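The values are calculated or read from the model by the stated rules, or taken from the named source; none is laboratory data. Bear in mind that the values here come from a model prediction, so they are computed numbers and not experimental data. Please note: Cβ atoms are built from the backbone with ideal geometry, for glycine as well, and neighbour counts cover all protein chains shown.
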Amino acid sequence: MSDPLLKGITLRGLEVFECLARTGSVAATAEQLQMSAPAVSQQLKNLSQALGTELVDHSRRPMTLTPAGRVFLDRAETALQALRIGHRDLTTLDLSDLSALSLGVIEDFENEVTPLLAARLAETMRQCAFRLQTGPSHDLQAQIARRDLDIAICAAAETAPSGTRAYPLLEDPYILTVPRGTDMSGGLAGLAGLAFLRRDPDQVMGQQIERYLSRAGLRLPQRFELDSNQSISALVANGSGWTITTPLSLLRAARFADAIDAHPLPGDPVARRIVLYATDDWTADIPDQIAVVARALIEEHFARPGLSAMPWLGDSFRVLD
């Protein structure tokens, strides 16, 4: 026998509710889901009526969830995640005719996304010579430009490597991270008592951060320069300094999260983009198939947990279709 309660709950309504909980805005939700604002409002109204309770406090800006809404959000996210996993498992991925594949993946994904992506690829490989390596984005960009790699998942370069096509995966905005409890009332100028932790200037992140500092007119002492994301996070966590990073990089250093505060980066938004580069001599849609699987894994292991931990990111941290 069907549950009469479920008759008023639709998949679209759950998606709208989940998105609004993240963005706090009907307009932003409408833009992200490619709907009209009245349609978003109607979906929220229908869902609230079906459940018999208000889920959103419309009197506040940005909108916030009611206590009942916060409880229901956990259930809605669980249901949507199960459906997304099911859809991912049904995603067509056929590498049976592929004889060789060389894939490079950015180090940020080596603990969660890369092993699962490799397993998905291996499921459909029959007689394929498969080579997988991880590394920093600038190394992967150079390798695919030399044709040492067929596909590379990494941060986008200002100019795409020659002879490649880019498939967007993730928008990863820059944020500010400081030791837990640091007073931010004085802005960046108030951090003069802490060392700035620089990244290796060969890294894409290091170059983008230095350009941001230059535009902001900030000339910070050259005390620390590191190429290890984990080491940078460890130094922030123990109070040795502050840094500019991204949600993806911060989530990768999850063991230090309890001792780090994250804040929006002052000034105009700045972001790096994670993409899948594929050489332009592919005649099949294999790069697009791999990108679909990669997006699903990134959504599950980074985008959703990141927005749960840092809801103020809104849609600045999002998987790109």
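Give me a count of the residues in segment 118-155 that are surrounded by fewer than 20 Cβ atoms within 10 Å (Cβ to Cβ) and farther than 14 Å from LEU103 by Cα.
5
What are the pairs with Cβ atoms under 6 angstrom where one residue, in segment 101-117, is in the same structural domain as THR134 (by TED's automatic domain parsing) and surrounded by 18 or more Cβ atoms within 10 Å (Cβ to Cβ) and the other, located anywhere, is of a type in the set (Ser, Thr, Tyr) and part of a helix (DSSP H, G or I)? Sequence gap at least six, or different chains.
VAL105/THR114; ILE106/SER137
Go through (1) at pLDDT 90 or above; (2) closer than 24 Å to PRO247 by Cβ; (3) in a loop (DSSP other than H, G, I, E, B); (4) not aromatic (Phe, Trp, Tyr) for LEU149 and report which single condition fails.
Exception for LEU149: condition (2).
Would you point out the residue of segment 274-291, among those that are surrounded by fewer than 19 Cβ atoms within 10 Å (Cβ to Cβ) and of a type in the set (A, V, I, L, M, F, W, C), that is nearest to ALA145 (Cα to Cα)?
Among them, the one singled out is TRP282.
What is the number of the single condition among (1) at pLDDT below 95; (2) surrounded by fewer than 20 Cβ atoms within 10 Å (Cβ to Cβ); (3) at negative phi that GLY187 does not meet?
Only one criterion is unmet by GLY187, namely (3).
Does segment 157-181 hold any residues that are closer than 19 Å to ILE209 by Cα and crowded, with 22+ Cβ neighbours inside 10 Å, and which are they?
LEU170, ASP172, ILE175, THR177
Going through segment 211-235 one residue at a time, which ones are touching a residue at least 12 places away in the same chain (Cβ under 8 Å), in a helix (DSSP H, G or I) and not hydrophobic (A, V, I, L, M, F, W, C)?
Across segment 211-235, the qualifying residues are TYR212, ARG215, ASN229, GLN230, SER233.
Based on this model, can you work out whether ASP227 counts as more than 25 Å from GLY314 (Cα to Cα), outside the structural domain of HIS301 (by TED's automatic domain parsing), of a type outside the set (Val, Ile, Thr) and in contact with a helix residue (DSSP H, G or I) (Cβ under 6 Å, 6 or more places away or on another chain)?
The answer is no for ASP227.
Can we say SER185 is out of contact with any Lys or Arg (no Cβ under 9 Å at 6 or more places or on another chain), part of a loop (DSSP other than H, G, I, E, B), free of Cβ contacts under 8 Å to residues at least 40 places away in the same chain and closer than 30 Å to SER96 by Cα?
Considered against the rule, which asks whether it is out of contact with any Lys or Arg (no Cβ under 9 Å at 6 or more places or on another chain), part of a loop (DSSP other than H, G, I, E, B), free of Cβ contacts under 8 Å to residues at least 40 places away in the same chain and closer than 30 Å to SER96 by Cα, SER185 comes out as no.
Could you list all residues from segment 113-137 that are outside any helix (DSSP H, G or I) and within 19 Å of GLN289 (Cα to Cα)?
MET125, ARG126, GLN127, CYS128, ALA129, PHE130, ARG131, LEU132
Taking segment 24-63, which residues are crowded, with 20+ Cβ neighbours inside 10 Å and under 19 Å from the mean Cα position of the chain (by Cα)?
THR29
Please list, ordered by first then second residue, the pairs with beta carbon atoms under 6 Å, 6 or more apart or interchain, first in segment 298-311 and in the same structural domain as ASN111 (by TED's automatic domain parsing) and in a helix (DSSP H, G or I), second aromatic (Phe, Trp, Tyr) and crowded, with 16+ Cβ neighbours inside 10 Å.
Partner pairs satisfying both residue conditions: GLY306/PHE317.
Which residues, counting only those in segment 196-210, are more than 13 Å from GLU158 (Cα to Cα) and in contact (Cβ under 8 Å) with a residue 24 or more places away in the chain?
Scanning segment 196-210 gives PHE196, LEU197, ARG198, ARG199, ASP200, PRO201, ASP202, ILE209.
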